[in-house]
Structure formats: C-alpha cells, structure tokens
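Data block below; observations after.
The values are calculated or read from the model by the stated rules, or taken from the named source; none is laboratory data. Predicted model only: the values in this text are computed from it and were never measured. Virtual Cβ from ideal backbone geometry, glycine too; neighbours counted across all protein chains shown. Surface accessibility is based on the protein's heavy atoms, side chains included, excluding ligands, DNA and RNA. Shrake-Rupley method; radii C 1.70, N 1.55, O 1.52, S 1.80 Å.
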Amino acid sequence: MGVVEEGPVRISAGQVFTCPCCGLPQDRVPTLEQDWVLLEPGVDVLAHLVPAEHRWIVLSDGRVTVYGVCPPDAQQRCRVEHRLACAGQELPDLWPWLTAMREENARRSEREANTWAEGRAAAAGRGGVAGRRGIGGVPTENDTPLVTLSMREAAYHLPEAPDAPAQLVAATTDALVDVLGEDIRRQVIVTLVGVPDGRTGVAGTPA
Ligand SMILES: [Zn+2]
C-alpha cells in the first residue's frame, strides 16, 4: 500500500526523483517494509488531516512507515504520499467505508423509488371499490389512471394557447408515463373540467 510500482526517473544525486506521472520532483524515501515511497517534498501536516491509511511518519533512521495510532495524537505530524496529490494519477479510495455506505444508499434509493412507483401505480388504478370500473362493458380491475384537472373555463381558451386542452391531455399523460412506465399510456384517462366564473369559492366567499 502506498508504494509506487513503476520506477521513477532519477534526475540528480541524492534522493530527488521525478514522478513518472506528472514530472514533478519528489522525495523517494525508504519504508520500514524494505520498499520505498514517493512523498511530497517539504510537506508535513497534522496526522488527523490525512486519511488513516496514508499517514507516513518518519522514523529515527530516516525510513518511513504508516502511523498506526488511531485516533492520532493531536500533535502528531505526518508526510503526504505524492500519489494522493499527483495531478497525473487517479485518487485512490481514501474512505472505503464511506464508499461502501454510498453504494448501499444507492441500492436503497433505487429500491425505495421502485416501491414508491409501484404504490403510485396501484393507487392510481385502485382508488375505488372493486367491481365499479368497466371497459367495453366488462368489469375490470386494470390499473387505469384517471386524472381530473379542474381549472377556470377561461384558462382553456387563452388566445396565446389555442390548443391548450390537447397539450394538457398530452402533457399529463406523459407525466404519468414518466412515473408509471410506458405500459400505462394506453389506459390513461384525462378529464379536463372547466369551472365557470362564480362557481368556486374560498373560505365561504365566491372567488
Ligand atoms: Zn505525480
């Protein structure tokens, strides 16, 4: 972990190398595990700012190892592995447990969306009492959505929208299909109700 596998290019004496991915000079430091790692030169930060598996601390002999104390001592500092800051490399998964939680939430979200859609489909078709619906003279239990849109009659006759009723029927049907699926389209019944002026009231007063 934390080890660059391809050898970097040595550009001068000492321990300065260039990163093969971005070309910037890096410190090539031996690790306790008899390997080596590229660290950001001159960067030394408080350990708690760095994800737990990536806190490189310097030992007395100059080698580095991953700091194993968790939670970290408040004053503990660590070095930062270059691959976490390299513009030429993809960031590794720094928080695997959050990644797992995000994936589980994605599955939950999908399950709940499916449950909601199924519930809406059932509610749309079975709002009434069994046996009270018929198609072609035959009682049916089909999940047929019935939508009633009620507006002032004048709203259907706006000069700027001469085909408002047809558009409302089409758009309402499309909205149901978006949620319930294409299979439902042929069964959707949309009723546009026009309310004459003076036939509605709010809080007991005609409006
Ligand atoms: Zn780099």
Filter the stretch 45-59 down to the residues that are open to solvent by less than 40 Å² (accessible area, probe 1.4 Å) and part of a loop (DSSP other than H, G, I, E, B), then identify the one that is nearest to Cys78 (Cα to Cα).
-> Arg55
Go through the residues of the stretch 179-189 one by one and say whether even a single one is of a type in the set (Lys, Arg) and in contact (Cβ under 8 Å) with a residue 40 or more places away in the chain.
-> no
Of the residues Arg83, Arg107, Arg79, Arg102, which single one is of a type in the set (Lys, Arg), assigned to a helix (DSSP H, G or I) and over 17 Å from the mean Cα position of the chain (by Cα)?
-> Arg83
Checked Gly42, Gly62 against criteria (modelled with pLDDT of 90 or more, assigned to a loop (DSSP other than H, G, I, E, B) and at positive phi); the one match is Gly62
Selection within the stretch 40-85 - among the polar types (S, T, N, Q) and in contact (Cβ under 8 Å) with a residue 24 or more places away in the chain = Thr65, Gln75, Gln76
Residue tally, condition within 16 Å of the ligand (Cβ to nearest atom), open to solvent by less than 60 Å² (accessible area, probe 1.4 Å) and of a type in the set (Gly, Ala, Ser), over the stretch 86-110 | 1
